[in-house]
1. Residues being over 17 Å from ASP184 (Cβ atoms), charged (D, E, K, R) and surrounded by 24 or more Cβ atoms within 10 Å (Cβ to Cβ): count how many of those fall in segment 337-373.
2. Taking the conditions exactly as written (surrounded by 14 or more Cβ atoms within 10 Å (Cβ to Cβ), out of contact with any Pro (no Cβ under 7 Å at 6 or more places or on another chain) and not charged (D, E, K, R)), does LEU232 satisfy them or not?
3. So is GLN312 free of Cβ contacts under 8 Å to residues at least 12 places away in the same chain, of a type in the set (S, T, N, Q) and under 19 Å from PHE251 (Cα atoms) or not?
4. Of GLN321, GLN312, which residue is surrounded by 18 or more Cβ atoms within 10 Å (Cβ to Cβ), assigned by TED's automatic domain parsing to the domain that holds LEU25 and of a type in the set (S, T, N, Q)?
5. Take segment 188-230 and flag every residue that is closer than 19 Å to ALA26 by Cα, of a type in the set (A, V, I, L, M) and part of a loop (DSSP other than H, G, I, E, B).
6. Restricting to segment 46-59, count the residues that are surrounded by 20 or more Cβ atoms within 10 Å (Cβ to Cβ) and of a type in the set (A, V, I, L, M, F, W, C).
7. Could you run through segment 270-300 and say how many residues are of a type outside the set (A, V, I, L, M), assigned to a strand (DSSP E or B) and more than 19 Å from GLY335 (Cβ to Cβ)?
Amino acid sequence: MVRAVLLAVVLFNLIPLSAQSSANLARFSEMTGCPIPVEGNKVQILNDPHVFYDEMLKGIREAQSFVFMEYFIFRDDSISTVILDALAEKAREGVRTCLILDHFGCAQHMEEKGHRLRMKPFRNGFINPYLDSGGDIVFYNQGIAFPRNHRKLTLIDGKVAFTGGMNVTDLYLNGIEGVGKFWDMHLKIEGPAVQHFNAGFVRMWNECGSNPLAISFPGAPAPCGEVPLIILETQGANIHPNPEELFSSLFAMAQDTVRFISGYFRPPKAILNSLRDAARRGVVVEMLMGASSDMPPILDKVLMQKAIRLAQEENFTLYLQPGGFHHEKVVSIDGHLIIIGSHNLDQFSFQANHEIGVLMDSPAIAREFDAYFDTHAQSVAL
């Protein structure tokens, strides 16, 4: 029996790493009912907002067919002005430009008066030059607080996708007064998976209004990398698979380590229990948060309350970094499975919001995240 087990281990180790990775994701897909993994992708982590915006703007300016963008917050400030100007220029060139914005997420940046496109315009006609250029825009759930479209996504010509935790706002560049820096993480993805992002954008657009998006997409991009991934699109708790099922299953798969960052940490009981269970079976669980957030100071303590309680568990460590707010939404398992996206570990993301995340099996990406985590976790651990 022992010899058989050892032989199985040896044979598994002889399997190419990419095949092992795809097998791990296939197992997760079978456990949860989520889509099967897409192989052959190139994935780049973007944790510097300057690099992210530069890369996205470069993609917009080089676009030949279409640019689709979908954001929870698109603040009326300098970086969004640059992006809208770039989109307007592409629209004038004949490139199809479509923008989905969440009404709740952007409402604080709009005026009450005006009815162009039957929506509240941005201040001082902010959006008008883009519309006048021929660009299209829809708002998700206008006038309704829930559910929200919390996704962050940019698609260029069906070849490149940007997704993760970053919205479009100068807060990333300048920080928050009284809080400090604004840390976050995004992905640039090339390869066959981009085709699936295209389909997801069209579904969301068509849900937002009576003007269906009719466009002919190119075929799936050719493989250009070695990262297998699963795109996790969720909509609250009532549609299977839901975030609670996905993250509980992910934590249940952990054998050695769980490392995660979540700007807002108010998860449902099942997620708290799955993290406790991991720690109690010997998995080293580490969480990173900023010592403050973009919420009022009194709510900072509320956001940290459950994390501080978990830190009392053996094998669970909470790192609180002073000087800013960690807005990333990242979970890393055993140094190879990693999800980066828009899902916070909170009730809004789990119960109501539209969210999108990317689950990858990549030791290289996990190592890059570990280095990032370690650099920021040099603070006092609770």
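1. Residues meeting the conditions: 1.
2. Yes: the conditions hold for LEU232.
3. Here the answer is yes, as GLN312 does meet what is asked.
4. Step by step, each of GLN321, GLN312 is checked, and only GLN321 is surrounded by 18 or more Cβ atoms within 10 Å (Cβ to Cβ), assigned by TED's automatic domain parsing to the domain that holds LEU25 and of a type in the set (S, T, N, Q).
5. Across segment 188-230, the qualifying residue is only ALA193.
6. Number satisfying all stated conditions: 3.
7. So the count comes out to 1.
Yes/no per residue for (1) touching a helix residue (DSSP H, G or I) at 6+ places or on another chain (Cβ under 8 Å); (2) modelled with pLDDT of 95 or more:
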| position | (1), (2) |
| --- | --- |
| SER262 | no, no |
| PHE265 | yes, no |
| PRO297 | no, no |
| LYS301 | no, no |
| MET304 | no, no |
| ILE308 | no, no |
| GLN321 | yes, no |
| PHE325 | no, no |
| LEU345 | yes, yes |
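The values are calculated or read from the model by the stated rules, or taken from the named source; none is laboratory data. Note that this is a predicted model, so its numbers are computed, not measured. Neighbour counts run over all protein chains shown; Cβ positions are idealised from the backbone, glycine included.
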